[in-house]
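Reading through the C-alpha coordinates given below for one structure.
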Amino acid sequence: MIVGGTSGIGLRIAEGYTARGHDVIITGRDGDRAAAIAGSIDGNVKGIGLDLAEPKTIAEGLHAVGEVGQLVLAAIERDVNSVRDYDVDRALRLVTLKLVGYTEVVHALVSRLTESASILIFGGLAMRRPYAGSTTVSTVNGGVVGLVHTLAVELAPVRVNGLHPGIVGDSPEWEPKPDDVLADVRTRTPTGRLVTMDDVACAGVFLLENPSVNGVNLVVDGGWLLR
(Lines give C-alpha, C1' and ligand atoms only; values in the text may rest on other atoms or scores of the structure.)
Protein backbone atom coordinates (compact mmCIF):
# COMPACT_ATOMS: atom_id res chain seq x y z
CA MET A 1 0.00 0.00 0.00
CA ILE A 2 1.42 3.34 -1.08
CA VAL A 3 -0.12 6.39 0.60
CA GLY A 4 0.59 9.22 -1.82
CA GLY A 5 1.02 6.79 -4.71
CA THR A 6 -0.68 8.76 -7.46
CA SER A 7 2.38 10.70 -8.62
CA GLY A 8 6.14 11.02 -8.38
CA ILE A 9 8.20 8.54 -6.41
CA GLY A 10 5.18 6.97 -4.73
CA LEU A 11 3.74 6.11 -8.13
CA ARG A 12 7.11 4.78 -9.30
CA ILE A 13 7.23 2.41 -6.30
CA ALA A 14 3.65 1.30 -7.00
CA GLU A 15 4.48 0.57 -10.63
CA GLY A 16 7.52 -1.45 -9.61
CA TYR A 17 5.62 -3.64 -7.17
CA THR A 18 2.78 -4.14 -9.63
CA ALA A 19 5.23 -5.23 -12.32
CA ARG A 20 6.48 -7.90 -9.90
CA GLY A 21 2.97 -9.30 -9.49
CA HIS A 22 2.00 -7.73 -6.14
CA ASP A 23 -1.50 -6.53 -5.34
CA VAL A 24 -1.17 -2.78 -4.75
CA ILE A 25 -3.33 -0.03 -3.27
CA ILE A 26 -2.50 3.60 -3.98
CA THR A 27 -4.08 6.60 -2.29
CA GLY A 28 -4.49 10.25 -3.17
CA ARG A 29 -6.56 13.13 -1.88
CA ASP A 30 -9.01 12.75 -4.78
CA GLY A 31 -10.55 9.28 -4.88
CA ASP A 32 -11.66 9.51 -8.51
CA ARG A 33 -8.20 10.56 -9.64
CA ALA A 34 -6.59 7.79 -7.56
CA ALA A 35 -8.92 5.22 -9.12
CA ALA A 36 -8.19 6.53 -12.63
CA ILE A 37 -4.42 6.36 -12.10
CA ALA A 38 -4.73 2.87 -10.62
CA GLY A 39 -6.66 1.82 -13.71
CA SER A 40 -3.86 3.05 -15.96
CA ILE A 41 -1.32 0.69 -14.35
CA ASP A 42 -1.06 -2.87 -15.63
CA GLY A 43 -1.82 -5.34 -12.85
CA ASN A 44 -4.03 -5.55 -9.79
CA VAL A 45 -4.07 -1.97 -8.51
CA LYS A 46 -6.78 -0.21 -6.55
CA GLY A 47 -6.98 3.53 -5.93
CA ILE A 48 -8.75 5.12 -2.96
CA GLY A 49 -9.19 8.65 -1.64
CA LEU A 50 -7.40 9.62 1.55
CA ASP A 51 -6.66 13.11 2.88
CA LEU A 52 -3.97 12.94 5.54
CA ALA A 53 -4.65 16.55 6.51
CA GLU A 54 -8.03 15.32 7.82
CA PRO A 55 -6.79 12.60 10.16
CA LYS A 56 -10.19 11.89 11.74
CA THR A 57 -11.39 10.59 8.35
CA ILE A 58 -8.46 8.22 7.79
CA ALA A 59 -9.75 5.15 9.64
CA GLU A 60 -13.00 5.20 7.69
CA GLY A 61 -11.13 5.71 4.44
CA LEU A 62 -9.09 2.58 5.12
CA HIS A 63 -11.89 0.38 6.46
CA ALA A 64 -12.00 -1.85 3.37
CA VAL A 65 -8.23 -2.44 3.24
CA GLY A 66 -7.20 -5.99 4.08
CA GLU A 67 -3.87 -7.41 5.22
CA VAL A 68 -0.85 -5.21 4.46
CA GLY A 69 2.68 -6.51 3.94
CA GLN A 70 4.42 -3.28 2.92
CA LEU A 71 3.20 0.20 3.77
CA VAL A 72 4.72 3.29 2.15
CA LEU A 73 3.93 6.76 3.49
CA ALA A 74 4.95 9.04 0.64
CA ALA A 75 2.24 11.74 0.61
CA ILE A 76 3.72 15.23 0.53
CA GLU A 77 2.58 18.81 0.21
CA ARG A 78 4.81 21.72 -0.71
CA ASP A 79 4.85 24.59 1.75
CA VAL A 80 6.82 27.84 1.75
CA ASN A 81 6.72 29.33 5.23
CA SER A 82 9.15 31.46 7.18
CA VAL A 83 9.29 32.69 10.75
CA ARG A 84 9.17 36.33 9.65
CA ASP A 85 6.08 35.76 7.51
CA TYR A 86 4.51 32.80 9.28
CA ASP A 87 1.23 31.34 8.03
CA VAL A 88 -0.20 29.31 10.90
CA ASP A 89 -2.89 27.63 8.81
CA ARG A 90 -0.39 26.36 6.23
CA ALA A 91 1.96 25.21 8.97
CA LEU A 92 -0.80 23.34 10.79
CA ARG A 93 -1.88 21.62 7.58
CA LEU A 94 1.60 20.33 6.77
CA VAL A 95 2.39 19.27 10.34
CA THR A 96 -0.96 17.48 10.53
CA LEU A 97 -0.51 15.78 7.17
CA LYS A 98 3.02 14.56 7.65
CA LEU A 99 3.16 13.71 11.36
CA VAL A 100 -0.39 13.19 12.64
CA GLY A 101 -1.68 11.86 9.31
CA TYR A 102 1.20 9.43 8.82
CA THR A 103 0.83 8.15 12.37
CA GLU A 104 -2.94 7.77 12.08
CA VAL A 105 -2.54 5.65 8.93
CA VAL A 106 -0.30 3.29 10.89
CA HIS A 107 -2.72 3.33 13.83
CA ALA A 108 -5.65 2.49 11.56
CA LEU A 109 -3.82 -0.39 9.88
CA VAL A 110 -1.75 -1.78 12.76
CA SER A 111 -4.02 -4.78 13.32
CA ARG A 112 -3.79 -5.61 9.60
CA LEU A 113 0.00 -5.52 9.31
CA THR A 114 1.51 -8.95 8.80
CA GLU A 115 4.16 -10.16 11.25
CA SER A 116 6.82 -9.71 8.58
CA ALA A 117 5.44 -6.34 7.46
CA SER A 118 7.56 -3.27 6.89
CA ILE A 119 6.82 0.44 6.79
CA LEU A 120 8.65 3.09 4.77
CA ILE A 121 8.23 6.75 5.73
CA PHE A 122 9.37 9.54 3.42
CA GLY A 123 11.09 12.61 4.82
CA GLY A 124 13.57 14.91 3.11
CA LEU A 125 16.86 16.74 3.47
CA ALA A 126 15.45 20.16 4.37
CA MET A 127 15.91 19.01 7.96
CA ARG A 128 19.68 19.08 7.42
CA ARG A 129 19.97 21.74 4.74
CA PRO A 130 17.22 24.32 5.29
CA TYR A 131 16.45 26.95 2.70
CA ALA A 132 14.44 30.17 2.63
CA GLY A 133 10.85 29.31 3.47
CA SER A 134 11.55 25.77 4.71
CA THR A 135 10.67 26.42 8.37
CA THR A 136 7.78 23.94 8.47
CA VAL A 137 9.22 21.49 5.95
CA SER A 138 12.53 21.28 7.85
CA THR A 139 10.66 20.75 11.11
CA VAL A 140 8.35 17.98 9.92
CA ASN A 141 11.14 16.15 8.12
CA GLY A 142 13.10 16.17 11.36
CA GLY A 143 9.99 14.79 13.01
CA VAL A 144 9.97 11.88 10.56
CA VAL A 145 13.33 10.76 11.98
CA GLY A 146 11.84 10.53 15.47
CA LEU A 147 8.69 8.86 14.15
CA VAL A 148 10.75 6.15 12.45
CA HIS A 149 12.62 5.43 15.66
CA THR A 150 9.61 5.25 17.94
CA LEU A 151 7.53 3.15 15.55
CA ALA A 152 10.40 0.68 15.05
CA VAL A 153 10.38 0.10 18.82
CA GLU A 154 6.60 0.17 19.35
CA LEU A 155 5.68 -2.06 16.42
CA ALA A 156 8.44 -4.68 16.64
CA PRO A 157 8.85 -7.09 14.90
CA VAL A 158 7.37 -4.91 12.15
CA ARG A 159 10.28 -2.98 10.62
CA VAL A 160 10.11 0.77 10.09
CA ASN A 161 12.58 2.84 8.06
CA GLY A 162 12.79 6.38 6.71
CA LEU A 163 13.92 7.59 3.30
CA HIS A 164 15.23 11.11 2.79
CA PRO A 165 15.87 11.94 -0.87
CA GLY A 166 17.94 14.87 -2.00
CA ILE A 167 17.10 16.82 -5.15
CA VAL A 168 15.49 14.34 -7.54
CA GLY A 169 16.18 15.67 -11.01
CA ASP A 170 13.40 13.90 -12.93
CA SER A 171 10.69 14.36 -10.29
CA PRO A 172 7.61 16.48 -11.01
CA GLU A 173 8.94 19.12 -8.61
CA TRP A 174 12.45 19.46 -10.06
CA GLU A 175 12.29 18.47 -13.73
CA PRO A 176 10.73 21.81 -14.80
CA LYS A 177 13.44 23.84 -13.03
CA PRO A 178 15.80 25.96 -15.19
CA ASP A 179 18.83 24.11 -16.57
CA ASP A 180 21.26 26.34 -14.69
CA VAL A 181 19.68 25.45 -11.34
CA LEU A 182 20.00 21.73 -11.93
CA ALA A 183 23.49 22.16 -13.40
CA ASP A 184 24.59 23.81 -10.16
CA VAL A 185 23.19 20.90 -8.13
CA ARG A 186 24.94 18.42 -10.40
CA THR A 187 28.25 20.25 -9.97
CA ARG A 188 27.92 20.15 -6.19
CA THR A 189 27.09 16.43 -6.15
CA PRO A 190 30.18 14.18 -5.90
CA THR A 191 28.67 11.54 -8.21
CA GLY A 192 28.33 14.17 -10.94
CA ARG A 193 24.72 13.23 -11.61
CA LEU A 194 21.30 14.04 -10.23
CA VAL A 195 19.37 11.55 -8.14
CA THR A 196 16.54 9.96 -10.15
CA MET A 197 13.14 8.66 -9.12
CA ASP A 198 14.32 5.16 -9.99
CA ASP A 199 17.27 5.60 -7.59
CA VAL A 200 14.92 6.55 -4.78
CA ALA A 201 12.42 3.81 -5.59
CA CYS A 202 15.23 1.23 -5.58
CA ALA A 203 16.36 2.46 -2.16
CA GLY A 204 12.77 2.24 -0.96
CA VAL A 205 12.45 -1.38 -2.03
CA PHE A 206 15.72 -2.17 -0.23
CA LEU A 207 14.40 -0.63 3.00
CA LEU A 208 11.07 -2.41 2.65
CA GLU A 209 12.47 -5.84 1.88
CA ASN A 210 15.81 -6.31 3.66
CA PRO A 211 14.83 -8.19 6.84
CA SER A 212 17.74 -6.84 8.90
CA VAL A 213 17.36 -3.14 8.13
CA ASN A 214 15.27 -1.47 10.81
CA GLY A 215 15.08 1.99 12.36
CA VAL A 216 17.26 3.43 9.59
CA ASN A 217 16.89 6.91 8.12
CA LEU A 218 18.56 6.59 4.74
CA VAL A 219 19.76 9.59 2.75
CA VAL A 220 19.75 9.26 -1.05
CA ASP A 221 21.50 12.31 -2.46
CA GLY A 222 24.63 11.21 -4.34
CA GLY A 223 26.75 12.78 -1.62
CA TRP A 224 25.23 16.25 -2.10
CA LEU A 225 25.26 16.97 1.64
CA LEU A 226 29.03 16.54 1.71
CA ARG A 227 29.46 19.79 -0.17
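Observations
- Span per principal axis, largest first, for the Cα atoms of the stretch 12-92 (Å): 50, 26, 24
- Phi angles of the stretch 108-124 translate, via the Karplus equation with coefficients 6.51, -1.76, 1.60 and θ = phi - 60°, into HN-Hα couplings of 5, 9, 4, 6, 10, 7, 6, 4, 9, 5, 9, 10, 10, 10, 8, x, x Hz per residue; Gly and Pro are given as x.
- Pair Y131, T114: separation of 7 Å Cα→Cβ label points (nm): 3.9
- For the chain, modelled as a GNM whose springs connect Cα atoms under 10 angstrom apart, the maximal fluctuation among A14, A108, A126 occurs at A108.
- Helix 197-209 axis, angle to the chain major axis (alpha carbon atoms, nearest 10°): 40
- Short-range pairs are left out: with C-alpha atoms under 8 Å and at least six residues apart, the relative contact order of the stretch 101-227 is 29 percent.
- Shape category assigned to the chain from the gyration tensor of Cα positions, a/c cut at 1.5: rounded
- Cα-based Rg and Dmax for the stretch 76-132, where Dmax is the largest Cα-Cα distance (Å): 14.8, 47
- Stokes-Einstein, applied to the Kirkwood radius of the stretch 60-191 over Cα pairs at a viscosity of 1.306 mPa s and 10 °C, places its translational diffusion at 97 µm² s⁻¹.
- Of the solvent-accessible surface of the stretch 152-227, computed with a 1.4 Å probe and all protein chains present, 56% belongs to carbon and sulfur.
- Rg/Rg_globular for the stretch 163-227, with Rg_globular taken as 2.2 N^0.38 Å and Rg from C-alpha atoms: 1.20
- The chain, accessible area per residue, ligands and nucleic acids excluded (1.4 Å, Å²): 48
- On Cα atoms only, tilt of 8-19 relative to the major axis of the chain in degrees: 40
- Sites L182 and V88 - FRET efficiency at Förster radius 30 Å, r taken between beta-carbons, to 0.05: 0.35
- Karplus 3J(HN,Hα) series, Hz, for the stretch 26-42 with 6.51 cos²θ - 1.76 cosθ + 1.60 (x for Gly, Pro): 10, 10, x, 4, 9, x, 5, 5, 4, 5, 5, 5, 4, x, 8, 9, 5
The values are calculated or read from the model by the stated rules, or taken from the named source; none is laboratory data. It should be emphasised that the depicted structure is a prediction, and the values quoted were computed from it without experimental measurement. Glycine gets a Cβ as well: all are built from the backbone with ideal geometry, and neighbour counts include every protein chain shown. With ligands, DNA and RNA removed, areas are computed over all heavy atoms of the protein, side chains included. Shrake-Rupley method; radii C 1.70, N 1.55, O 1.52, S 1.80 Å.
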